[in-house]
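Worksheet: one structure, shown below.
Each value in this text was obtained by applying a stated rule to the coordinates, not by laboratory testing. Keep in mind the model is a prediction, meaning the values are calculated, not measured. Methodologically, a virtual Cβ is constructed for each residue, glycine included, from the backbone with ideal geometry; neighbour enumeration extends over all protein chains shown.
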């Protein structure tokens with residue numbers, strides 16, 4: 001049974017990685033998906049092509065996030081693609097990667113992280129509200145970095161902590177419209193674009209050893225959680241951060 005037939009979705013950063021898989025998953029459930037990309041036009045085209053070959057409907061919209069006019073550019077493309085229809089599902093997936101630990105991250109890198117990871121989703125939600133139907137869904141990707149002390153990701157974790165707080169407070173604000181607002185926090189997730197990171201000898205085994213389910217995550221593991229939150233089955237779930245890490249670093253393993 002396809003849960004999202006007749007609905008529309010916007011997935012930011014959907015040209016690769018988790019975002020690409022989320023877009024495909026929502027399309028497989030019947031949603032018409034707007035595939036946002038920043039610079040990877042080829043990747044976005046591949047996402048759209050894969051969705052269409054599977055019998056779904058999608059279109060790509062370009063907008064560089066973290067710069068002046070980013071939200072306005074994106075929503076202009078979204079409105080054109082919707083052609084008068086409301087938006088049902090907004091997935092804030094696009095994010096800048098960790099820049100480095102304290103003492104290494106430059107001011108410019110720090111500002112860029114917050115511009116992409118915090119400012120863009122905040123103002124995208126604000127400006128998309130007139131398009132979002134009553135009973136809509138807002139889902140933002142966070143990270144287990146918010147509950148783990150990893151000095152190499154301090155500034156990145158700060159941005160994800162911000163969107164978790166944003167999700168809780170907006171859930172309270174938008175509840176009267178029946179709009180649910182949640183965050184999903186992946187852990188170590190191997191994708192087609194970051195696979196080389198996990199090819200470092202012993203790293204994948206080390207992470208698996210710190211994970212309750214004893215393996216690395218895949219993009220499908222995260223996309224399934226997003227699809228659940230987008231569905232009617234999650235109508236009573238809001239203001240939550242859903243850990244989708246397989247139980248990464250829950251405590252000592254004995």
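List of remarks:
- Rounded if a/c under 1.5, otherwise prolate or oblate - segment 30-72, Cα gyration tensor axes: oblate
- The chain, relative contact order in percent, only Cα pairs under 8 angstrom and at least six apart counted: 19
- Helix 70-82 and the long axis of the chain differ in direction by around 50°, with both axes built from C-alpha atoms.
- 3, 205 arranged by Cβ crowding within 10 Å, fewest neighbours leading: 205, 3
- More than 26 angstrom apart: percent of Cα pairs within segment 1-127: 22
- Where only DSSP H runs of four or more residues are counted, the chain gives -11500 deg cm²/dmol as its mean residue ellipticity at 222 nm, each run worth -39500 (n - 2.57).
- Label sites at residue 126 and residue 102, each approximated as a point 7 angstrom past Cα along Cα to Cβ, lie 3.0 nm apart.
- Gyration tensor over alpha-carbon atoms, segment 132-202, equivalent ellipsoid semi-axes in Å: 31, 15, 7
- Treating r as the C-beta distance of residue 111 and residue 80 and R0 as 45 Å, the FRET efficiency rounds to 0.90.
- For segment 180-254, the Rg and Dmax computed from alpha carbons only, in angstrom: 14.1, 43
- Residue order, fewest to most beta carbons within 10 Å, for 214, 79: 214, 79
- Spacing of the modelled spin labels on residue 49 and residue 64, each 7 Å from Cα toward Cβ, amounts to 2.5 nm.
- Extending 7 Å from the Cα toward the beta-carbon at both residue 5 and residue 220 defines two label points whose distance is 2.4 nm.
- By the count of neighbouring beta-carbon atoms within 10 Å, fewest first, 189, 169 end up ordered 169, 189.
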